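The values are calculated or read from the model by the stated rules, or taken from the named source; none is laboratory data. From a predicted model like this one, the values you see are computed outputs, not experimental measurements. Every residue, glycine among them, receives a Cβ derived from its backbone with ideal geometry; neighbour counts consider all protein chains shown. The protein model used for the area step is the full one, side chains on, heavy atoms only, and it has no ligands, DNA or RNA in it. Shrake-Rupley method; radii C 1.70, N 1.55, O 1.52, S 1.80 Å.
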Amino acid sequence: MSSKQLLCFFLMLSFFQIGFTQEKGDSLVLPFNLKFDNSKLLSHKTYISKNQDTLSIDLFRFYVSNIEIQFSDKSIFKPANSYHLIAMDDPNSLQVSICKNENKIISKISFSIGIDSTTNVSGALSGDLDPTKGMYWAWQSGYINMKIEGKSSSCLTRKNEFQFHIGGYLYPYYAIRKIVLYPNKEQFEIAVDLGILFSNLKLSETNSIMIPSKIAMDIANFSQSMFTIE
């Protein structure tokens, strides 16, 4: 390769990098910060809940849908078909790109935890809704809204495992829950604190939920308090 060709190559590479950076910087991103009390949520790290359960988290995933952004100038943006799978094992999923960044202050964010009934009865879909993501039961039960798996010495189960698969789209077990947050500042994160959820559970008594049920609805209710602005 001649020096002229080499120069052209590096110029093209630079333009590509600049374009990629601008495209990423021009996007309005909702950043999620997964936590357990005051600590970063890490796979297999040991935590102690407020109920004195010693536990570790192997898997944590949940769906965010029906996002609506309200800005300080009262304008509203609501993306169509906004379904996003947030996963502890996928750092890229924690940065949810919403729309073009217009550098306006967000005054209110609302979204649902889970998948609405209309989408549930649409059958297996693609993208983050693809069944290969491990968040789809079957057409009778639909999508799993939130999945938490781990281990605790409090669980008298095989390998001391606990499994919470929270979902359901039919009455009386409609598990989707709405979250409303008020950032009112330029820089913020959406904190998701699993410690709050486990403060409402005793793992010696509740350690396996695999179908839509009353206790699944209770955990769906508890999960609403996990989401705050930081």
For a label point 7 Å from the Cα of Gln70 along Cα→C-beta, name the residues of segment 108-134 whose backbone N is under 12 Å from it.
108-111
Lysines within cross-link reach of Lys104: Cα-Cα under 22 Å, excluding same-chain residues under 8 positions apart?
Lys24, Lys74, Lys78, Lys185
Using Cα atoms only, what is the angle between the long axis of helix 214-223 and the major principal axis of the chain, expressed in degrees (0 to 90) to the nearest 10?
40 degrees
Using a 1.4 angstrom probe and counting only protein chains, how large is the accessible area of Lys45 in Å², to 10?
80 Å²
Run lengths n ≥ 4 of DSSP H only: what is the helix-derived mean residue ellipticity at 222 nm for the chain, with -39500 (n - 2.57) per run over all residues, to the nearest 500?
-5500 deg cm²/dmol
Each label sits 7 Å from Cα toward the beta-carbon; between Tyr174 and Ile211 the label points are separated, in nm, by 2.2 nm
Output wanted: per-residue J couplings in Hz (rounded whole) for segment 96-110, from phi through Karplus 6.51 cos²θ - 1.76 cosθ + 1.60, θ = phi - 60°, x for Gly and Pro.
8, 7, 9, 6, 5, 7, 9, 6, 10, 6, 7, 9, 8, 10, 10
For segment 170-201 and segment 68-139, write down the distance between their C-alpha centroids in whole Å.
14 Å
Mind checking the angle between helix 3-25 and the chain's longest principal axis? C-alpha axes, 0 to 90 degrees, to the nearest 10.
40 degrees
Whole number in Å², please: accessible area per residue of segment 107-230, 1.4 Å probe, ligands, DNA and RNA not counted.
47 Å²
For semi-axes √(5λ) of the Cα gyration tensor in Å, which listed value, (i) 35, 22, 19; (ii) 26, 24, 19; (iii) 27, 19, 19, comes from the coordinates shown?
(i)
Tabulate in residue order the Karplus-calculated ³J(HN,Hα) for segment 178-189, using 6.51 cos²θ - 1.76 cosθ + 1.60 with θ = phi - 60°, rounded to whole Hz; enter x for Gly and Pro.
9, 10, 10, 10, 10, x, 6, 7, 5, 10, 7, 10
Need one number: nm distance between label points at Arg158 and Asn221, each 7 Å from Cα along Cα→Cβ, rounded to one decimal.
3.2 nm
If the cut-off is a Cα-Cα distance under 22 Å, which lysines reach Lys147, setting aside same-chain residues fewer than 8 apart in sequence?
Lys35, Lys40, Lys45, Lys50, Lys133, Lys159, Lys178, Lys202, Lys214
Under a cut-off of 16 Å between alpha-carbon atoms, report the aspartates and glutamates in cross-link reach of Lys151, not counting same-chain residues fewer than 8 places apart.
Asp53, Asp58, Glu161, Glu205
If each of Thr118 and Glu186 carries a label point 7 Å out from its Cα toward its Cβ, how far apart are those two points in nm?
3.7 nm
Which percent of the accessible area of the chain is formed by carbon and sulfur heavy atoms (probe 1.4 angstrom)?
53 percent
R0 = 45 Å: FRET efficiency of Val29 with Gln52, Cβ-based, nearest 0.05?
0.75
